[in-house]
């Protein structure tokens with residue numbers, strides 16, 4: 001038995017992402033062929049920007065969840081390939097729009113599309129990717145899947161507006177912040193796992209396993225965002241692929257700051273408020289010390305671990321096979337970013 005076949009049969013043996021990609025290597029090859037084929041346009045700039053952002057080096061974890069969740073329940077067919085591409089287009093469109101809203105100049109270690117081409121082309125190509133995703137949904141012709149994705153797309157937009165409305169809001173509560181990241185980030189992970197499970201419904205599957213996979217995606221997505229929150233104050237630019245302190249410079253309150261504004265001494269809380277008011281990322285070293293010394297960084301780390309553990313707990317309701325074990329490994333891999 002060759003190594004790829006062994007991984008397929010027994011599940012990934014380590015926390016390496018390479019092991020996980022080998023498990024679904026054939027499917028990823030099909031996705032990587034389908035995506036550029038669906039970026040064709042008579043407008044050169046659409047293709048240029050589309051290819052630039054889609055090929056910018058992301059791990060494609062959301063398409064991975066589509067593949068793993070559908071295969072975990074024994075799906076047979078090719079529709080999961082189209083579904084994975086749809087999820088990636090929706091995600092890429094949100095990135096284009098996010099970077100314009102945030103005036104970001106760096107993502108995944110290189111210039112953002114809006115930094116290279118300007119805001120208007122980036123927004124319009126984001127719209128193109130949304131519309132192309134919905135064209136693929138029509139071809140998929142699965143009303144349950146379409147309903148989940150349509151609702152997810154709408155809620156993600158609401159999450160973006162909620163985040164924008166709370167820029168500079170030093171009174172933002174943890175519960176409100178968790179709702180923002182549920183809508184803005186976790187929901188597409190949830191939709192990926194949920195729709196992958198829906199494709200496999202009846203092959204065999206039941207409501208319990210579909211719900212378990214939906215909840216897995218939700219908690220995985222929440223953990224993923226909380227890890228990013230933690231890294232923004234504990235990491236570095238090379239690791240993050242963006243400038244450390246970007247959230248502070250944009251006036252965004254994430255969990256480390258929200259917690260520090262409750263637990264730090266009053267003079268240190270005032271430093272945070274002034275930094276948010278002034279968008280003063282030049283004070284990032286001081287803010288780092290505050291969130292670390294008052295326990296806010298540890299609190300955020302534990303919140304991410306708790307969400308990751310809740311994701312893993314959902315797998316107990318699923319068949320034990322290479323794909324469910326891969327989801328367990330993927331969660332552990334994500335949590336390892338906290339080390």
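The values are calculated or read from the model by the stated rules, or taken from the named source; none is laboratory data. What you are looking at is a predicted structure, and each value in this text was computed from that prediction instead of being measured. We place every Cβ from the backbone using ideal geometry, glycine too, and count neighbours over all the protein chains shown.
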Result of the Cβ filter at 6 Å on the stretch 159-176, keeping first residues that are touching a residue at least 12 places away in the same chain (Cβ under 8 Å) and partners that are in a helix (DSSP H, G or I) and loosely packed, with under 15 Cβ neighbours inside 10 Å, at least 6 apart or interchain, is 170/273
- Task: Please work out if residue 196 is assigned to a helix (DSSP H, G or I), within 25 Å of residue 108 (Cα to Cα) and either modelled with pLDDT of 95 or more or touching a helix residue (DSSP H, G or I) at 6+ places or on another chain (Cβ under 8 Å) (or both).
- Result: no
For residue 125, the lone unmet condition from (1) under 26 Å from residue 21 (Cβ atoms); (2) surrounded by 23 or more Cβ atoms within 10 Å (Cβ to Cβ) is (1)
Given the conditions (1) within 28 Å of residue 289 (Cα to Cα); (2) in a loop (DSSP other than H, G, I, E, B); (3) at pLDDT below 85, every one holds for residue 204 apart from (1)
Any residue that is surrounded by 21 or more Cβ atoms within 10 Å (Cβ to Cβ) and modelled with pLDDT of 90 or more - is there at least one of those in the stretch 245-252? no
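Is there a residue being more than 27 Å from residue 105 (Cβ to Cβ), modelled with pLDDT of 90 or more and assigned to a helix (DSSP H, G or I) anywhere in the stretch 221-242?
Step one: of the stretch 221-242, the residues more than 27 Å from residue 105 (Cβ to Cβ) are 222-223.
Right, trim to modelled with pLDDT of 90 or more and you get 222-223.
Remaining after also requiring assigned to a helix (DSSP H, G or I): 222-223.
Yes, that holds for at least one residue.
Which residue, of 305, 271, is modelled with pLDDT under 95 and in contact with a helix residue (DSSP H, G or I) (Cβ under 8 Å, 6 or more places away or on another chain)? Write out each step before concluding.
Details: 305 fails: modelled with pLDDT under 95.
Unique residue meeting the criteria: 271.
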